[in-house]
Structure formats: structure tokens, C-alpha cells
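One structure is given here, and the rest of the page talks about it.
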Amino acid sequence: MQVINTAAKLKVGVFFGGKSIEREVSLNSGRTICDHLDTDKYEVIPLFQDEDGTLYNLPWHFLHRGKIADFQSRLAKEAQKITWDDLRTLVDFVYLAVHGRFAEDGTIQGMLEILNIPYLGSKIFGSALGMNKLVQKEIFSANGIDVAAGITIHKSEIDSLNVNDILLRLEKAGTRLPCIVKPIHEGSSLGVSKVLTEDELIPAIKKAAYVDARRTQDVIIEEKIEGMEFVCVSLQRAVKKNGKTEAEWFTFPITEVVPEGQSIYDYEQKYMPGRATKITPARCSDQDLQKISQICMKASILLNFATISRIDGFLTKDGRVILIDPNTLTGMSPATFLFHQAAEYGMSHTQLINYLIETELKLAGMLEFTGGHSDDDEGDSVETNKHGEKKLRVAVLLGGATNEREISLESGRNICYKLSPQKYDCIPLFVNDLHELYKLDQRLLIKNSTREISNMLDKAQKVSWSALSDICDFVFIGLHGGLGEGGGVQGALEMLGLPYNGSGVLASALCMDKFKTNNFLRAHGFDVPDSFLIPLQAWQEKSIEARNEYIDSNLKDYHYPLILKPHDDGCSVFVKKVKNRGELIGLVDQYFAQSGKSIAMLEELIIGTELTCGVIGNDENVRALVPSNTVAKNDILSIEEKFLPGEGENQTPANLSVNILEFVKNIMVEAYKAVGCAGYSRIDCFYQDENQSKTGKPRVVILEFNTLPGMTPATCIFHQAAECGMRPMDFIDKIIELGFANHAEKLNAKHVKDTKQKDQIPELVLEPVVLGVLDSGSAAVSVKQDDQSTALEYSQEKQHRKKSKSGKTVNFDSAEQSDLPQSQDIDDKITMNLF
């Protein structure tokens, strides 16, 4: 391999996806690496491998999808199909962000060696060892490293298992129930079970053996170890000794893992926001930490690992270190162990990625030494960009006091990572349960849960609300629910004279209450579900018989099933489908007991195509993004489907005709204006065709507004913006620009002029021009946004006229200005009888 030319950008292919069952985890890893690669040094080339092995140069607008299925059907038409041999000219280096079979087992490493392309991580032999748990245990045992006692069930035995025989084999191996059952060749804790009883044993073995439906595999049954579970990430550094380049191992601070309750550290505990607790450094003696480090580095050497290693294990009460799972390529999602532990060293994501690539190139003899590696202190603030222009200081609020605090942490952290370091000086501010502010450093920002951050706030700098205007020019609210989304924070910031993202006090407060929002929208001619509120006090005062009478009298016009949910919460928290009256009584009792809420909301169940649609803009310059179809496995979209990698599915654009999509978008824009939103929002709704609609005509039923929608790495509003040509960083830029513009007159914001930077996306200018009439009888309209045009279709028929309570006729389908109230006169339209 030749020495690279450091004057030119290195073409880094980020390889993700893959053929294993861990491909969804890999999508998260690949997205993170693409987001954080240093574009001053590297040209980023996303390389996606589909499940069938086909390679693509992935278009960036697919990069922030939540699930591979969200874009898989479009790859053939929209992605550039490539071959392995194309990589020779396409990339200089491959950053492997794949996991599991065909990724960490020597196969892809063998291909890249044949192509003579340098890549990240262990080479062929080390990778092959790294995926075989049985051989690993044999090597460790032979070299004095403790492993879990257990047995192996060969795949040929799976269909003839006998519980008593297995228990006898376990006893001979020195263990018994409870035990841990896991597949021999998989990672990410897929197929892993904790077995407590004999009845659970055979199902757990079959689950592990068949976890990859395409093949049967051997299964390992091991003792359940009691002690402190840990994760140790080790890296190599390239050093010069006697003129030769050598590799030396060192470890990051070790992390203690504490799963929720009695859970094991399974897939959901690993990847669902806020579940397992990660404590770094681990809570044990310095002597034990040193012992763990030494054993993990020894294990990495024995397995021929290179550049990076992650080893999981236990420290038992009697001081033994037992290794359970070595990994050649650790997960690389934003808050994974790799970045979590690197943050303890003060290394940002970008600095760590640079270090790994440079180390690999030095060890391969492709990069000259320049006096060693040096990382800038993450705490140091660079106040001007490379052009000498002053950066905008943006405070990002995250955390909060609601049930959505963990999602807020993910959203706020992602905003911090996506804010361009050339334009902005980012100030992460954690909001605790008392709404106090704390400035977070890189080490605290990357913690896995708000619980962990809250326990370490004594190490953070407290910031008073009054001091915000001294430390920042703009506040990006990454909070969800409660005072953060319901007008409280918005009011405080306006009192301080600080511009912020999203809607103002009134629209925020209105949209935080689903019941009030529904009544307001209904009064202005929009279709919404019928709904009814049950106060806790009134409910508790009634006997069982009185509750039945109360339900019957108030819900006489409703039909089961119904939806039970909070009127002021999000993220699918405490949402249930109620099948009948008998079930309703018990579920309402359960709701009040578990939620801590004082009001329950019952809502008509809407049947149709469930959609969510982002809307962006201020005043009259408003644009709806492309609606997404949210696909729920069961009746209600779960929080896991929203945020657990690989669970939820969002089809963007929704699988509806262009006419229908534009019909939906037009209503979204009008509803956004009617409520008085600003900046951006995401509106959840259903589209019903004439057979589903109780009016007998197609309609859009609006469920709720999200005035501060989730901004997690793969959130659907990023998918929708990408379909309109905006990358996440561009979209966030636009939100900040709109925030400044929205508050310019009201707050006399001194930094408004600073937002008009040359590299920001252009203003949205919508100028409808009728092009002709389509076969459907609709008018085709071109909407200009600078040099781009988007075809819109507005129905010429007055399909959706209704009388509002004010007596006005509202036509949602006209391309002309409607009679809906605009943001400036909403105050005059709201009357208490609506609520």
C-alpha cells in the first residue's frame, strides 16, 4: 500500500447495512459515522450493502431513515448500484460500521484484502475468531482467563432436545439454572434469554438456534453470573520504536452496566433510550479496574484483534474477572460505549473517528508520523470560524421533567451534534426535574439516560435562567411535553428577550392540550376525532355502578373500540385501545394508577391511513413536507416502534397517489396557519377514503400537533425534509433562521442579521402557477422554490366544505386564500366555550 497524499481529501467509504440480522444496528452505526466524519479531511461515501449482498452508493436522503425497509424498495431506482471491484477507484479507505455475520467474521475483511483496500479494525484471522464464542472460550481457558461455565448444544440436536439430559450436562459442567442461553454466532444480544425454570429452557434454546430465520446455529448455555457487569473498550496507538511502527493497546475508562429491574442486558436494554444505566468509570476499586484492563488487553492480543476491541464481562464478588463477549467492531450509534468512554478522555465523536482512521493508516504504513497524536480539549471554545466571522452561540435545552425526557435527551444531543461547528458555538443545557439548567460537557452529554446525568450534576456548571441572555444568542428547545413544549419555556425566553425555535406561547400552550386543540380545530372547520375527558376526582368519587352509568350517559354517541390516552403527553405514553365498556372501567383505573395524571381522554378510533406530516415556515410563507405513513404492528404505534432501531417503519412518501398527498399537505398548511404555529411542527393525522369516512367523502382527520417534534437521529421529519432536498444540518439551520425571523420584531433580536449566511438554504417562496388540468379533474400547480418546481394538485371540486361554529364556510381544497383565521388573529378567535 502506498503512502497517502495528505494534501488531498481521503475518500472514506462508510460500509454499513450488511447481510446479518444486526443490519438495523449497523444502519445506526453507519449514519453516526457519516454524520461525524471530519469533512475537512475526508470525503464521505456511504456504502450500503443490502440483505442479498448487493452494494450501493447510498443517496444521502436515505441516510437518516429509521429502518432499512423505509427505503429498501427505492434502492434499485434511486441508488447507484456498485460492485466490489468498483471500490478500488471509489474509496481510499473503508470504515467498517457493519456487525455480525459477513461483517465481523473475516468475510468482508478477506474481500477488502483481495482488493488491497485498507479498512478499520481486526484483520481476517482476528475477525474470524471474534465471531465464534466457543473457540474464544477455549482460547481464554487455555491462557488462564476465566470464562462462564456452560455447555454447547449442536444444531443437529435442536429437534430432539431433552430437558433432563440438558440439566445433567449443565451439572457436569459445574452449573445449573438459572442460566443464560445465546446463539453462538450473533451479536447485539439478539436471541439471548435468561432461563429461570425448566419449562423455559427448550423454548429459549430454539429461540437462539433460529434467531436468524435463514439458518440454524449452535447454542451456548452458560451460568448466570452474579457480579458487576462491565464493558471495556480498548484501542491501539501507533508508536515508533527503533524506526519501526508498532501497535500498543490501551483502554478507555471502564463502564459498569446496570440493566433495568431483573432484566439482562438484551437488545432493548442496549438500544432503547434511557433503559440500562451506564456508569463510567465503573464503581469498583482502582485495583479491580486495573485488573479488568489488563485482562481485556490480554484477551484482545490472544484473539488477534487490531485497532479497536470491545469486551464484555463480569467482576464477581470474589474478585474474579469473567469475560463473556469479545467484539471486534463495537456499535457506533451516538451514545454507544465507544463514544461514551472516549468522552471521559475529552474526545468528541469526530476526534475519535479521526484517531481510529489515522491509527489504521499509520499501522498500515500509509500515513507518516507527525510527532504523535494530539486532541484539542473538547472544553475549549473556538469563538470564530475559519473565515473570521463570529459564531452564533446556540444553547440547546434537553432533558426536562416529563415522561418524554429520555427522547428529549436523544433529540437535544442530536441537535448538538448536527449544529455546524463552523457556524455555531453549541452550549448543551440539561433541564432537570425542577427546571434548573446545567451546562453539560462532552462527558455528560453522551450519558445514556437523564437519570445518569441527574446523578452527576454536582460536576456540572449550574446556569440561571436570567444568565441565558449573557451566554447565548439563540435557544434551541429540544424538550418534549410539559412546560418545555407547552408555553412555559417559550414565555420565559420571550421575557428574557431571547429568540428560540418553534411556535410561540399561545400556539405551544394550545397544542400541548390535545382536547383543546381538537375543539379549536373543529370550530374552524377541520375534521378531528370526537373526544371526552374523564377527571380523576369525578371518577374516584363514583361507585362501580355509577361509573357504568357515567360512561353510558357521556359516551352514548360513541362506538367501541375507543382510544384511551393522556390529553397532554406524547411518545405513545399510556395509550391503550379499549374494546368495550367492561374493559374501559379497568383500563381507566389502571391509567390513573400508573400515569399519575388527573385527566384521562377518550377518543374516537379513526380507521384509515395513518400519516405524519412536517410543516415548516412562518406566517404566509409555509410549506408542508412529504407525508409519511406510520406503520404499526398492532393497533397503536408503540414507543419501541418510534425509537428502537429496526422496530418502527415509516414509508416516506406515504403510499398514496400524488393527488391525495397534495390534498393532505394543503390541509396541513391550513391547519398550521389556523393554530398559529411558527418555525416548524409535525402534525399526526389519518387519511380516509370515501368508504372509510363517515361523511362518505375523502377527508383528513387531524389527531394532534407536535410543536417541538422529535429530532432524534432517524426521526421521520428528517426523512421528509430529505425528500425536499434538505439534509438534517440544513433543516436545523432553517429552523434557527425561522426562529430569528419569527422573533425579530417582537424581541428586537440583535443577531437576526447574522443568520443570513450565504450557505444557508434559500427562503421558501411558494408561488402557485396553474399548469393545466389532470385526468382526475384537478388543477396541476407548479410551486416555485428558486429554480426548483414541485407539482401540486388542488382539487377543483368543493369536496370538503363545512360550516364552522362561527358560521363561516371553509374550503380546504382551494389554491386561493382560505377563510381560515391566520396566526395574527387567533387571539380573537379563541373563546372558552371551545374548551
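The values are calculated or read from the model by the stated rules, or taken from the named source; none is laboratory data. Note that the coordinates shown come from a computational prediction; the quantities given were computed from them, not determined experimentally. Cβ sites come from the backbone with ideal geometry, for glycine too, and all protein chains shown count toward neighbours.
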**Fill in**
Quick count over region 300-322, residues being in contact with a helix residue (DSSP H, G or I) (Cβ under 8 Å, 6 or more places away or on another chain) and over 29 Å from Gly17 (Cβ atoms), is 5
**Complete:** Ile117 vs (1) among the hydrophobic types (A, V, I, L, M, F, W, C); (2) loosely packed, with under 15 Cβ neighbours inside 10 Å; (3) touching a helix residue (DSSP H, G or I) at 6+ places or on another chain (Cβ under 7 Å): all pass except (2)
**Prompt:** Restricting attention to region 181-190, does a residue exist that is within 41 Å of the chain's Cα centre (by Cα), among the aliphatic types (A, V, I, L, M) and more than 26 Å from Gly331 (Cβ to Cβ)?
**Reply:** no
**Message:** Could you list, ordered by first residue, the pairs with Cβ atoms under 6 Å in which the first is in region 54-83 and among the aromatic types (Phe, Trp, Tyr) and the second is not in a helix (DSSP H, G or I), at least 6 apart or interchain?
**Reply:** Tyr56/Phe48; Tyr56/Ala79; Tyr56/Lys81; Phe62/Phe71; Phe71/Arg65
**Request:** Run down Lys447, Lys418, Lys439 and say which single residue is surrounded by fewer than 20 Cβ atoms within 10 Å (Cβ to Cβ) and not hydroxyl-bearing (Ser, Thr, Tyr).
**Result:** Lys439
**Complete:** Filtering region 168-219 down to residues that are out of contact with any strand residue (DSSP E or B) (no Cβ under 9 Å at 6 or more places or on another chain) and part of a helix (DSSP H, G or I) yields Leu168, Glu171, Glu198, Asp199, Ile202
**Request:** Quick one: which residue in Glu494, Glu541 is out of contact with any Gly (no Cβ under 6 Å at 6 or more places or on another chain), surrounded by fewer than 19 Cβ atoms within 10 Å (Cβ to Cβ) and free of Cβ contacts under 8 Å to residues at least 60 places away in the same chain?
**Result:** Glu541
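Looking only at region 84-108, which residues are over 29 Å from the mean Cα position of the chain (by Cα) and either under 20 Å from Gln236 (Cβ atoms) or not aliphatic (A, V, I, L, M) (or both)?
Going through region 84-108, the residues over 29 Å from the mean Cα position of the chain (by Cα) turn out to be 84-90, 92, 106-107.
Selection gives Trp84, Asp85, Asp86, Arg88, Thr89, Asp92, Gly106, Thr107.
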**Asked** Mind checking whether some residue in region 666-673 is part of a strand (DSSP E or B), among the hydroxyl-bearing types (Ser, Thr, Tyr) and within 29 Å of the chain's Cα centre (by Cα)?
**Response** no
**Fill in**
Residues of region 293-320 being in contact with a Cys (Cβ under 9 Å, 6 or more places away or on another chain), under 18 Å from Ala238 (Cα atoms) and not in a helix (DSSP H, G or I), in sequence order, are Ser309
**Message:** For the structure I just gave you, tell me whether His559 is surrounded by fewer than 20 Cβ atoms within 10 Å (Cβ to Cβ) and not aliphatic (A, V, I, L, M).
**Reply:** yes
**Fill in**
In region 674-694, anything outside any strand (DSSP E or B) and of a type in the set (Lys, Arg) is listed as Lys694
**Item:** Number of positions in region 139-162 that are modelled with pLDDT of 95 or more, exposed (fewer than 15 other Cβ atoms within 10 Å of the Cβ) and not in a loop (DSSP other than H, G, I, E, B)
**Value:** 2
**Message:** Looking at region 238-254, I want the residues that are closer than 18 Å to Asp288 by Cα and have a partner that is of a type in the set (Ser, Thr, Tyr) with Cβ atoms under 6 Å, at least 6 apart or on another chain. Which pairs are those?
**Reply:** Thr251/Ser234; Thr251/Ser293; Pro253/Thr280
**Residue check for Glu104: without any contact (Cβ under 8 Å) to a residue 24 or more places away in the chain and either surrounded by fewer than 15 Cβ atoms within 10 Å (Cβ to Cβ) or more than 23 Å from Ala714 (Cα to Cα) (or both)** = no
**Asked** In region 347-368, what residues are in contact (Cβ under 8 Å) with a residue 24 or more places away in the chain and under 24 Å from the mean Cα position of the chain (by Cα)?
**Response** Met347, Ser348, His349, Thr350, Gln351, Ile353, Asn354
**Request:** Return only the number of the condition from (1) more than 19 Å from the chain's Cα centre (by Cα); (2) surrounded by fewer than 16 Cβ atoms within 10 Å (Cβ to Cβ) that Ala69 does not satisfy.
**Result:** (1)
**Selection count where residues are part of a strand (DSSP E or B), in contact with a Cys (Cβ under 9 Å, 6 or more places away or on another chain) and either assigned by TED's automatic domain parsing to the domain that holds Cys34 or not β-branched (Val, Ile, Thr) (or both), scope region 417-453** = 4
**Prompt:** Name the residues in region 555-584 that are within 18 Å of Ile599 (Cβ to Cβ) and in a helix (DSSP H, G or I), would you?
**Reply:** Leu584
**Request:** Among the residues of region 517-550, write down those that are over 28 Å from Arg699 (Cβ atoms) and among the aliphatic types (A, V, I, L, M).
**Result:** Leu536, Ala538, Ile544, Ala546
**Request:** Answer yes or no: is there a residue in region 301-311 that is at pLDDT 90 or above and of a type in the set (Ser, Thr, Tyr).
**Result:** yes
